[in-house]
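The values are calculated or read from the model by the stated rules, or taken from the named source; none is laboratory data. Computed from a predicted structure; not experimentally measured. Please note: Cβ atoms are built from the backbone with ideal geometry, for glycine as well, and neighbour counts cover all protein chains shown. Please note that ligands, DNA and RNA were not included when accessible areas were found on the heavy atoms of the full protein model with its side chains. Shrake-Rupley method; radii C 1.70, N 1.55, O 1.52, S 1.80 Å.
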Amino acid sequence: MEHDGAIDDLLSQLLLLTMKDVEVIGINITPADCFIEPAIESSYKILQLFGKENIPLGRSDKNGINAFPNEWRARPTVINALPTLINMSYGLNPYCLQNAVELLIDKLAMADRPVTILITGPCSNLVRAIKKEPYIKEKIEQVVWMGGAFRTHGNVQTYQHNGTAEWNVYWDPKSSKELFESEIPLVCIPLDVTNSVPINKDFLSRLAFQSDYFLSNLAGQFWALTIDTIPSYHYLYFLWDVLATSFISIPDEFRLEEVKAVVSDRPPNAGQTLLIETGHNLRIATNVNKNVFYEYVLNQLKTEIILHPIMVNGH
Ligand code: AGV
Ligand code: CA
C-alpha cells in the first residue's frame, strides 16, 4: 500500500488490515496530504492494533511539485491525540525507516506471487521504482489508484489552475503522466465514482450504533474529525481512498470501463486526466453499488481485534 497519511488514508489502511484474504507486505507513506512524522506514528499504531507491526513501513521525503495546503496536512496530527491512540506505546524512530522507493523495489523483487499495489496518494514512489528497476514491473499484477477526474470536475482549487484536476494526480503531475505512459495494468478509482460516496450522517450514525466493536468506535472517531473539513463551508469529505481500498476485496461491485487517457503536466490544467483516442490504456471505475459498499465497510469494522493492555495503557 502507498498512502499519504490523511485521515482517509489511515482509515483505508485500517480497512485493508481487516481483509482476511489480503496479505499486506509493506506500506509506504508519502508526505503529500500529511506531515510525515505524525502519519508514521498513526500508521504504526494502527499496525500495532492488529498485531501486525512486523509489516514494514517505508518513508518518502519527496516534495511534490504542487504541495497540499498545510491546513490539510496538519489534520492527521489530531488522530494521534485521540484517547485510543495517545497512550499506546510507540517505540519506532520515524527517521530510521527504509526509503519508500527502496522498500517497494525490495518487496517486489522478493515477491513469489503477483502483487497488487494500492495507491491512495500520489504515485511518485512507484514511478521512481519502475524507472530504477524496470524488471519489477513483471511482479505487478495491477495497480489500483485513487486518482483522476475523467468526466467530472476536479477538486483542486488554487492559483494557476482551472479546477480540472484531482489532487493525487496534481501533486506530482509529471509522475502521474509517466504512470499512464508506462501502461502498467492500472485501475483508477477517480472522482467520477468517489463523488457518489460522501461521508454522511446516516453512515456515521449506523457506525455509532455498532460502536461496541472496537474498530467501529475508532473509525467513528476518525471520521468525526472530517466533519469540519477545511474549508468547512465546502463541507464534503468523501470515502475517496476507502472506496479504492474496498475495490481490492469487492471488485465485482464496481463497473469498469476501458479507456485511453493522458495526464497534463502544465498549467492551467496540470494533473488533469484527459480521455483522448491517442492516449494510454487503463481502466477507470465509473460506478459502484453504493449500498453494498457501505454495508461492506460497516461489516468489516465489526472485525474483532485482540487488545493487549500494554498497548492501550502505554505502560
Ligand atoms: O483528492 C482526494 C485525495 C484522497 O486520496 N485527498 C484526500 C484523500 O485522501 C486529497 C483531498 C481532496 N480534498 C481534500 C483532500 C480535503 N478537503 N481535505 C483533505 N484532503
Ligand atoms: Ca490520500
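Some points to look at:
- Label zone at Met19 (point 7 Å along Cα-to-Cβ), backbone N below 19 Å, region 111-131: 111-123, 126
- With the alpha-carbon atoms of region 146-303 aligned to their principal axes, the span from lowest to highest coordinate is 52, 35, 21 Å, starting with the largest.
- Members of Lys45/Lys177; Lys132/Lys302; Lys20/Lys260; Lys139/Lys201; Lys177/Lys302; Lys62/Lys107 lying beyond 31 Å, as alpha-carbon distances in this model show: Lys45/Lys177; Lys132/Lys302; Lys20/Lys260; Lys139/Lys201; Lys177/Lys302
- Built amide H within the under 5 Å cut-off of Asn99, gap 5+: Arg59
- Note on the chain: with a GNM built from Cα contacts shorter than 10 Å, the maximum mean-square fluctuation among Ile130, Ile119, Ile65 falls on Ile65.
- FRET efficiency, Leu225 to Lys131 (Cβ-Cβ, R0 45 Å, nearest 0.05): 0.80
- The chain, relative contact order in percent, only Cα pairs under 8 angstrom and at least six apart counted: 21 percent
- Candidates per GluC sites (Glu not before Pro) in region 135-229, loop by DSSP, up to 13 other Cβ within 10 Å: Glu183
- Prolate/oblate/rounded call for region 1-50, Cα gyration tensor, a/c under 1.5 rounded: prolate
- Segment Glu102..Glu183, full-extension length gain: 27.0 nm, with 0.36 nm per residue of separation and the alpha-carbon distance subtracted.
- Computed over protein heavy atoms with a 1.4 Å probe, the carbon and sulfur contribution to the accessible area of the chain reaches 51%.
- Shape of region 1-132, Cα gyration tensor, a/c cut at 1.5: oblate
- Region 83-204: proportion of alpha-carbon pairs further apart than 25 angstrom, %: 41 percent
- Residue-span extension gain [Thr152 to Val78] - 0.36 nm each, minus C-alpha spacing: 23.5 nm
- For region 2-311: rounded, prolate or oblate by the Cα gyration tensor [a/c cutoff 1.5]: rounded
- Springs between Cα atoms under 10 Å define the GNM used for the chain, and in it the highest mean-square fluctuation of Thr303, Thr120, Thr30 occurs at Thr303.
- Between Asp202 and Asp61, the contour length at 0.36 nm per residue exceeds the alpha carbon distance by 46.9 nm.
- Residues whose placed amide H lies under 5 Å from that of Leu118, excluding near-sequence neighbours: Glu2, Val144
- Of all DSSP beta bridges confined to the chain, the antiparallel ones make up roughly 40%.
- Sites listed here are trypsin sites (Lys or Arg not before Pro) in region 116-202 whose DSSP assignment is loop and whose Cβ has at most 13 other Cβ atoms within 10 Å: Arg151.
- Kyte-Doolittle at least 1.0, axis length at least 27 Å by Cα - qualifying DSSP helices, the chain: none
- Average accessible surface for the chain: 44 Å² per residue, computed with a 1.4 Å probe over protein heavy atoms with every protein chain in place.
- Taking the Cα atoms of region 180-232, the ratio Rg/Rh between the radius of gyration and the Kirkwood radius comes to 1.17.
- Cleavage-rule hits (trypsin sites (Lys or Arg not before Pro)) in region 17-76: DSSP loop, at most 15 neighbouring Cβ within 10 angstrom: Lys20, Lys52
- Sum of -39500 (n - 2.57) over DSSP H runs of 4+, divided by residues of the chain (222 nm, nearest 500): -10500 deg cm²/dmol
- Inter-centroid distance (Cα atoms) of region 240-305 relative to region 188-202, Å: 10 Å
- Candidates Val127, Val193, Val259: whichever shows maximal mean-square fluctuation once the chain is modelled as a Gaussian network with Cα springs under 10 Å: Val259
- Distant-in-sequence amide contacts of Ile140, defined by a placed amide H-H separation under 5 Å and a gap of 5 or more residues or a different chain, comprise Val115.
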